[in-house]
Amino acid sequence: MNSRDPQAVSPSGIPSPVFRNTLSQRTEPLLTRVPGEVTMYVCGVTVYDDCHLGHARSQTVFDLLHRLLRRLGYRVRYVRNITDIDDKIIRKAQETGRTIGEITDIYIDSFHRDMRRLGILSPEKEPRATRYLDPMIRLIGTLLEKEYAYRRGNDVYFRVRKYGAYGELSHQKIDDLQAGARVATDEEKEDPLDFALWKGAKPGEPSYPAFFGDGRPGWHIECSAMSLSELGETIDIHGGGMDLMFPHHENERAQSESATGKRFVGIWIHNGFVTLNEEKMSKSLGNIFRIRTFFETSPFPEEVTREWLRVFLLSTHYASPVDLTEDNLAHAKNALDSLYLFKNRLEGVPGESREGPRTLEFLSALCRDMDTPVAFRVLHEAKNALNPLFSPGEVPPEDQLSDARALFEAARNILGILDLPSSGWVYGKGESGTREESLPPEEMDRLVLEREKARREKDYSRADAIRERLKNAGYLLEDNPGGLPRIRKI
RNA sequence: GGCGGCGUAGCCAAGUGGUAAGGCAGAGGUCUGCAAAACCUUUAUUCGGCGGUUCGAUCCCGCCCGCCGCCUCCA
């Protein structure tokens, strides 16, 4: 990279972030079409069921990217679609006796609730497939005109072999794909690899008018149409789960590039799976863990659960699998607890934030293909370096404190964690006490003072009894030689 | 079968051609009325295995073993 190239640095002045591009299989700097502005399209969901932790990971990873790019000073034009017309939605409607609109309403709400719970920042636009039928029809029209598409009965198919680059994204040779392709007897495709752009109307299925025949869009075409409409012919970043690489993204790319003659995507980014005891979580395997289940069974309040889950999902590099186990979840919670304990000390010394070496190390780690494990390391190193410098009447030097404040702010803004005041955090495993006894604040204050009195009188059995009572109510008292005890929620 | 990825301590996980970050958990200790928190010390002669290149490889090359994923709906 030429250092005089204005694109070698992000608008913030920090060197441009680099990402592993699925297409080239190399790590490449982000070179945006428009300087200072990033166009990013991420596959959202098909709304026919509640989202599971795999969706949570994907959305969290691209939320991290969204937040990182913003922090680097880019204007991020982030589009995340909702596919609301699809075979699976139709089937779900038939199974449940509801209308398609009812199904999509239910699951769009569910998706939005999950995203809110996860603390995912809203994208700039969230287009729905059914509102982009005209662009889809126009796109299919162009493909027909250019003979990249052909009609068979009421269906329209994409002519895969005419697009020479087919298979490049998923690194498959077209003949290898051919060998595995399923040949459906009721389809009259020229080639088994060809895929449907438009499915002719059938009784009992929704259909939309089109000049090549009434029907509904096939999978894939909606994403091409929406990204083309909202972000233009070439987008800087396109993301999604690894399982979308083939056929979804391969097909999207084929359609889009065939229609426009231009490169569709600068950098393709695919995140790895969430595994459950090392097995892929997927609907076909039936081992899914829903986001709502995670939140609704968590022993912690929503905002605590959110950060806990985010740390768990981000503790592994986005391209590697992350394994959902009790152990790994417990580690994530412990790590956050210790960071909040440190945050509590940091909050005790108000002052300004100024980016120093730790903050820069944190940012540059994230700029290296979102290296979150290193980013977490930096947070822990800051904690471990500054903690010993706190002692009664002593605080660490101001330059280190201001850097640590900036670091924690960056963690809040980019990782979406450490967002709560330390008094709002709930420590521990969420197992202590029955929590049935809720204490009004004034009662708690009274008990704390009563215990202090007991301690002064060396009536330790009484002091311990009060501490035990507070513990059962979910509060841990930590004696403090300098004054009143610190109260931690557990 | 084809393609891709991975294999680093109990677990999670960085990393570099020059002799192994960090976290969590564990052990011992300091402090404390006891705790908690914090702190100190401690935990891989070794980076799946075998060869090769090199003065020197965990990092480069080859082979092998094991795991995972994609090739079919899927974040």
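Kirkwood Rh over Cα pairs of chain A into Stokes-Einstein at 4 °C, 1.567 mPa s: D in µm²/s?
51 µm²/s
How far is it, in nm, from the label point at A:THR260 to the one at A:ASN277 when both lie 7 Å from their Cα along the line to the Cβ?
Going by the 7 Å Cα→Cβ label model, 4.6 nm.
Under 24 Å Cα-Cα from A:LYS453, which lysines qualify once same-chain neighbours fewer than 8 residues away are excluded?
Partners found: A:LYS471, A:LYS489.
R0 = 60 Å: FRET efficiency of A:HIS171 with A:LYS471, Cβ-based, nearest 0.05?
So, using R0 = 60 Å, E works out to roughly 0.60.
Any idea what the dipole of region A:1-78 comes to, in debye rounded to 20, about its Cα centre with Lys/Arg Cβ at +1 and Asp/Glu Cβ at -1?
So the magnitude is around 300 debye.
Efficiency by 1/(1 + (r/R0)^6): what FRET value for A:LYS202 and A:LYS88, r their Cβ-Cβ distance, R0 = 22 Å, to the nearest 0.05?
With R0 = 22 Å, the Cβ-Cβ based efficiency is 0.90.
Of the GluC sites (Glu not before Pro) in region A:345-442, which ones lie in a loop per DSSP and count no more than 13 other C-beta atoms within 10 Å?
Answer by residue number: A:GLU352, A:GLU431, A:GLU436, A:GLU437.
Run the numbers for A:SER315 and A:ARG456: contour at 0.36 nm per residue of separation, minus the present Cα-Cα distance, in nm.
So the extension gain works out to 46.3 nm.
Among the aspartates and glutamates, select those whose C-alpha is under 16 Å from the C-alpha of A:LYS88, and discard any that sit fewer than 8 residues away in the same chain.
A:ASP49, A:ASP50, A:GLU102, A:ASP105, A:GLU205, A:GLU222
Based on the Cβ-Cβ distance from A:GLU37 to A:GLU190, what FRET efficiency comes out when R0 is 35 Å, to the nearest 0.05?
0.30
Spin-label point model (7 Å from Cα, Cβ direction): what's the A:ARG26 to A:PHE246 distance in nm?
Roughly 2.3 nm, to one decimal.
Quick one: putting +1 on the C-beta of Lys and Arg, -1 on the C-beta of Asp and Glu, what dipole do you get for region A:325-422 around its Cα centre, in Debye to the nearest 20?
So the magnitude is around 80 debye.
Placing +1 at every Lys and Arg Cβ and -1 at every Asp and Glu Cβ, with all other atoms neutral, what dipole size does chain A have around its Cα centre, in debye to the nearest 20?
Around 440 debye, computed over chain A.
Could you give the nm distance between label points at A:ASN344 and A:ARG75, where each point is 7 Å from its Cα heading toward the beta carbon?
Modelled inter-label distance: 4.5 nm.
Which three lengths, in whole Å and largest first, does region A:441-489 cover when its Cα atoms are put on their principal axes?
Per principal axis, max minus min of the Cα coordinates gives 26, 22, 17 Å.
Which one of A:SER110, A:ILE82, A:PRO123 is farthest out on the positive end of the charge dipole of region A:74-170, using unit charges on Cβ (Lys, Arg +1; Asp, Glu -1) and the Cα centre as origin?
The residue sitting most towards the positive pole is A:PRO123.
Put +1 on the Cβ of every Lys and Arg and -1 on every Asp and Glu Cβ in chain A; which of A:SER258, A:LEU379, A:PRO301 then has its Cα farthest towards the positive end of the dipole?
A:LEU379
How long is the gain from A:ARG368 to A:ASN334 if the chain were fully straight, where each residue apart is worth 0.36 nm and the alpha carbon distance is subtracted?
Separation in residues times 0.36 nm, less the Cα-Cα distance, equals 9.6 nm.
What share of the DSSP beta bridges in chain A is antiparallel, in percent to the nearest 5?
The antiparallel proportion sits near 50 percent.
Going down the table (A:LYS383/A:LYS429; A:LYS283/A:LYS383; A:LYS283/A:LYS343; A:LYS199/A:LYS262), which pairs top 29 Å between alpha carbons?
A:LYS283/A:LYS383; A:LYS283/A:LYS343
So which trypsin sites (Lys or Arg not before Pro) in region A:215-271 pass both tests, a DSSP loop state and at most 15 other Cβ atoms within 10 Å of the Cβ?
Sites meeting the loop and neighbour criteria: A:LYS262, A:ARG263.
Place +1 on the Cβ of every Lys and Arg and -1 on the Cβ of every Asp and Glu in chain A, take the dipole about the Cα centre, and give the residue among A:PRO441, A:GLY101, A:TYR427 whose Cα lies farthest towards its positive end.
Among A:PRO441, A:GLY101, A:TYR427, the one farthest towards the positive end of the dipole of chain A is A:PRO441.
Helix-derived [θ] at 222 nm for chain A: sum -39500 (n - 2.57) over DSSP H runs of at least 4, divide by residue count, nearest 500?
My calculation for chain A gives -13000 deg cm²/dmol from helical runs alone.
No lab work stands behind these numbers, since they all come straight from the coordinates. As the structure is a computational prediction, the values presented were derived from the model and not from experiment. Counting neighbours? That spans all protein chains shown, and the Cβs are built from the backbone with ideal geometry, glycine included.
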